[in-house]
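Participant: Pasting in a structure now, in structure tokens, and then I'll have a few things to ask.
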Amino acid sequence: MKKIPYLLVAFVCLVACSNKQANSSSSQDDTIEFSSYENEFYSLEYPSHWNVEEDIRDKTDGFEQYEGNDKMTLQKHEVDLLNEDGVSFHIVRSNFHFDLPVDEYANVSILSKGLADAGQYQEAIDYNRQKDPNEYLGYWRNDSIGFSGRRAVLLAFEVVTENNDTLIQKQIVVQNNHGDTFYINSTFHKGDELAEAIGDEIFDSFVIK
């Protein structure tokens, strides 16, 4: 368990695939203790007063057609770090297991938010966007960051929720050595530097296996 300064220098905006909204309240403690979380794919450190919620299980209904298809990941993998510090931290493994570079997986995230022309897939994107109450205003990307010893893509989305809250979604897109792709998201209210700093500290603690 470690102690770090609670207010850290947060680097400029970025990320998140998650549609879950951040809570705007933030603790004013000077220091925060961290605990460790680990699964078969990665480990990380998170504030000890937060809770970890996992949804890691085999997919069944609706995925029968993909049995034996090595291009589909048939295990659902989502991890949320639940808190009242203004941060929504969400990790998801991609359903797809294609032999594509991490840049292309980042493009999928951008397309899914309606921020680029999806070509032949536009109709499907538009259909799925109807279920999302958030409005994505724009994005920024950095295609050459280092993350846990791997090259990754960092995305930042500006989002307006159905409650007219403006959020920043930071998303790191990274792959492990087995071809699994992860979207690691930290979402917070725009201008909440404390919440952003906490999310950045968790990013910094990530170790991909």
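The values are calculated or read from the model by the stated rules, or taken from the named source; none is laboratory data. Model, not experiment: these values are computed from the prediction. Reconstructed Cβ throughout: ideal geometry from the backbone, glycine too, with neighbour counts over all protein chains shown. Quick note on the areas: whole protein, heavy atoms, side chains included, nothing else; ligands and nucleic acids left out. Shrake-Rupley method; radii C 1.70, N 1.55, O 1.52, S 1.80 Å.
Participant: Pull up all non-local amide H partners of ILE32: gap of 5 or more, or a different chain, and H-to-H distance under 5 Å with H placed in the peptide plane.
Facilitator: For ILE32, whose amide H was placed from the backbone, the distant partners under 5 Å are ILE4, TYR6.
Participant: Measure of size requested: the Rg and Dmax of the range 82-209, with Cα atoms as the atom set and Å as the unit; please supply both.
Facilitator: Looking at the range 82-209, its Cα Rg and Dmax stand at 14.8, 41 Å.
Participant: Can I ask one more? With all protein chains present, how much of the accessible area of the range 71-195 (probe radius 1.4 Å) comes from carbon and sulfur, to the nearest whole percent? Can you show the working numbers first?
Facilitator: On the way: 2660 of 5760 Å².
Carbon and sulfur atoms account for 46 percent of the accessible area of the range 71-195.
Participant: Something else: What accessible area per residue comes out for the range 107-209, rounded to a whole number of Å², with a 1.4 Å probe? Each step should come with its number before you reach the end.
Facilitator: Working: 4760 Å² over 103 residues.
The answer is 46 Å² per residue.
Participant: Can you bin the range 144-209 into rounded, prolate or oblate? Criterion: square roots of the alpha carbon gyration tensor eigenvalues sorted a ≥ b ≥ c, rounded for a/c under 1.5, prolate for a/b above b/c, oblate for the rest. Can you show the working numbers first?
Facilitator: Values: a/c = 2.89, a/b = 1.92, b/c = 1.50.
In terms of gyration-tensor shape, prolate.
Participant: Then there's this: Residue-wise, which Karplus ³J(HN,Hα) couplings in Hz belong to the range 193-202, taking 6.51 cos²θ - 1.76 cosθ + 1.60, θ = phi - 60°, and x for glycine or proline?
Facilitator: 5, 5, 4, 4, 5, 5, x, 5, 5, 5
Participant: Still on this structure: With every protein chain left in place and a probe of 1.4 Å, what is the accessible surface of ASP80, to the nearest 10 Å²?
Facilitator: Counting only protein heavy atoms, the figure is 10 Å².
Participant: Once ligands and nucleic acids are excluded and a 1.4 Å probe is used, how much of ASP103 is accessible, expressed in Å² to the nearest 10?
Facilitator: About 30 Å², rounded to the nearest 10.
Participant: Order these peptides, 117-126, 151-160, by their mean beta-carbon neighbour count within 10 angstrom, highest first.
Facilitator: Values: 117-126: 11.4, 151-160: 21.4.
Order by mean packing, descending: 151-160, 117-126.
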